[in-house]
Amino acid sequence: MRKLAPIVVSISLAGSALAGFPSQAELPDPGMTPDSPFYFLESLVETIGTWFTFDDLAKAERYVELAQERIAEAEAMAEKQKTKAMEKALERYQKQIQKANEKAEKAEKKGKNIESVIEVVVKATEKHLEVLEGVYEKVPERAKQVIVRAKEVSEKGQQRALEVLSRVNSRKTSEFNLEIAEEKLRKIERKTEEFLEKEEECNAFCEKKCDREIISPCVSECVAEADCSEGDSGCAKEAAEKCSGICRSKAAVGKCVSECSVSCSQEKKQEMRRIMEGFKERYNFGRNISSETTKERLDEIKDKIEKKLEKVEQREEEVQERLEERKEVLEQKKEKIEEEPEKKIEGVEERAEKREEKTEQIEEKAETQQEKLKEQKMELEKKLEEAQKKLEEKLKNLTD
């Protein structure tokens, strides 16, 4: 919000007409925001200023101006990721945009010219919707529903203003309606391109996400089970390669990538559907108040939007087909990987049997050699004994 000003100044500004109203191209500076402990003072000043605004048209303008500030506050709070403060600003916004229409309708019943103030409401709400779409992209998932509700209120407020305007100036209403329909077409075209671009981003994002959440922990656990000795880099590397293949073949990985890819692109698709629903309401309303030329243009816009949505639907089907193909490939890899360890085990067992046979042969040779050595030893001992006897006999003869 703007800085606190003296109450008397706020009251005099509140009673003015559109001369002091902020430009529709830009939002006002948020100034004091709902996260400030003094925010209630600003709210109090606004309430007093509105209370001293006596004319219904002036009050309608006043409420639109305040709604502008609420949108600026919500945008500022979204930038700071302060969702509670953002929700507070949007709750006030919804009430103020509804009151703006109520006061305009009350002025119409009194026979006043409401055309200028309704024009302000229509243009302001279109700006609000644009800002809210940007805010929607910034906030966490839990806060998105608040943005959706605020957008619904803004769209209904705009529709309500156009219905009032159609009673006093159907030509201008038709022009506004067509301009907004054209803008929705541009949004759908932009969202379609974003959707197609995001498909590639989603694939890369989901690969990393599933790798981080499923594959990496699985590989770490698998490598630990390999029980490689410390410092044995060759064993660790071989185990990591085998484990990576086994873990990537798991069904959970394919399911993770599939669900992630669908969820990743779903958000853009839902946003496109919301825009389409908004266009349908405008299309039905526009058909009732437009000239033949405008009706033809509305039909043309409708056809273009439907074709864009068909393109997205077709692309999504292609993505699903690719995911199914990927699942099949993963299953085949899984079977192959499961077969490989069995073959390797058989090979290891064969080699072990051969080593065992060789060991037995070596042991037999060793035993044979040992027996021969025993025999040779016995023969040597016998010869030594005979030689010793002969030597003793010779010594005895020499002595005699």
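The values are calculated or read from the model by the stated rules, or taken from the named source; none is laboratory data. Note that the structure is predicted; figures quoted are calculated from it, not measured. Cβ coordinates were reconstructed from backbone atoms using ideal geometry, including for glycine residues, and neighbour counts include every protein chain displayed.
Residues checked against (1) within 20 Å of ILE301 (Cα to Cα); (2) surrounded by 15 or more Cβ atoms within 10 Å (Cβ to Cβ); (3) not aliphatic (A, V, I, L, M):
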residue	(1), (2), (3)
VAL164	no, yes, no
LYS172	yes, yes, yes
ARG186	yes, no, yes
GLU225	no, no, yes
CYS228	no, yes, yes
ASP232	no, no, yes
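Residues checked against (1) aliphatic (A, V, I, L, M); (2) touching a Cys at 6+ places or on another chain (Cβ under 6 Å); (3) free of Cβ contacts under 8 Å to residues at least 40 places away in the same chain; (4) more than 22 Å from GLU175 (Cβ to Cβ):
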site: LYS123; (1), (2), (3), (4): no, no, no, no
site: VAL135; (1), (2), (3), (4): yes, no, no, yes
site: ARG142; (1), (2), (3), (4): no, no, no, yes
site: ARG149; (1), (2), (3), (4): no, no, no, yes
site: VAL153; (1), (2), (3), (4): yes, no, no, yes
site: GLN159; (1), (2), (3), (4): no, no, no, no
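Per-residue answers, yes or no, for (1) modelled with pLDDT of 65 or more; (2) more than 47 Å from the chain's Cα centre (by Cα); (3) of a type in the set (Gly, Ala, Ser):
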residue: LYS311; (1), (2), (3): yes, no, no
residue: GLU328; (1), (2), (3): yes, no, no
residue: LYS334; (1), (2), (3): no, no, no
residue: ALA366; (1), (2), (3): yes, yes, yes
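Within region 93-124, if we keep just the residues that are under 33 Å from the mean Cα position of the chain (by Cα) and farther than 20 Å from MET77 by Cβ, the residue that is modelled with the highest pLDDT turns out to be GLN98. Among all residues of region 136-148, there is at least one that is of a type in the set (A, V, I, L, M) and in contact with a Lys or Arg (Cβ under 8 Å, 6 or more places away or on another chain). Out of the residues in region 195-232 that are touching an Asp or Glu at 6+ places or on another chain (Cβ under 9 Å) and either at pLDDT below 75 or not in a helix (DSSP H, G or I) (or both), state the one that is farthest from LYS304 (Cα to Cα). Looking at residues that are touching an Asp or Glu at 6+ places or on another chain (Cβ under 9 Å) and either at pLDDT below 75 or not in a helix (DSSP H, G or I) (or both), I get CYS228.
Residues that are over 23 Å from GLU137 (Cα atoms), touching a residue at least 40 places away in the same chain (Cβ under 8 Å) and not in a helix (DSSP H, G or I) within region 55-112 comprise ASP55, LYS110, LYS112, listed in sequence order.
The selection criterion, being assigned to a helix (DSSP H, G or I), modelled with pLDDT under 70 and either among the polar types (S, T, N, Q) or more than 27 Å from GLU201 (Cα to Cα) (or both), holds for SER265. Restricting to region 26-54, and then to whatever is of a type in the set (A, V, I, L, M, F, W, C) and outside any loop (DSSP other than H, G, I, E, B), can you tell me which residue is nearest to the chain's Cα centre (by Cα)? Within region 26-54, the match that is nearest to the chain's Cα centre (by Cα) is PHE40. On inspection, VAL148 qualifies as β-branched (Val, Ile, Thr), at pLDDT 85 or above and either under 26 Å from ALA74 (Cβ atoms) or assigned to a helix (DSSP H, G or I) (or both).
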